[in-house]
């Protein structure tokens, strides 16, 4: 027997065998008395693959936990899709509101264009009338212009030469001339 223990390979083999046996006993002890629910999923997966530990960690338990995690993930994804749909609806509502506002602005722009064209026509008419009254004698123009509204008279005067306006004002009724002058000065 003394010769057997002198062989180094044999002694190392026995030592390795003892270490494996001790590790197995410790492992079995931990797997029997440690709360399996507290073990991480990866450790449970490893335990379920080992035949003599398989009975302590049930694959159904692992599957249940995995299906629960999948269910939670699916619920999270559904919630996120619901949020995306909600945002899409809000976006479509804002888009339709903007389209409505744009349509309203286009209508207002068209109305403004019509008013602008009318004003341009009126301005051209006033300028043409101002030229006609400039060509008349101041006395005759004053007789006609004395019967017009002050606002129209002021617009005509603003489109006439200053000398012609002063001649017409001197031939107007003094109260009418004073009223026109006051309104033209902005007082």
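No lab work stands behind these numbers, since they all come straight from the coordinates. Everything quoted here is computed from the prediction, not taken from an experiment. Cβ sites come from the backbone with ideal geometry, for glycine too, and all protein chains shown count toward neighbours.
Could you give the length gained on full extension between residue 122 and residue 68, defined as 0.36 nm per residue of separation minus the Cα-Cα distance, in nm?
11.4 nm
Would you mind computing, in nm to one decimal, how far apart the modelled labels at residue 182 and residue 102 are, each placed 7 Å from Cα along Cα→Cβ?
Modelled inter-label distance: 5.3 nm.
State, in angstrom, two size descriptors of region 136-187 derived from its alpha carbons: Rg to one decimal place and Dmax to the nearest whole number.
9.8, 30
Could you sort 141-147, 179-185 so that the peptide with the highest average Cβ count within 10 Å comes first and the rest follow in order?
Packing order, densest peptide first, comes out as 141-147, 179-185.
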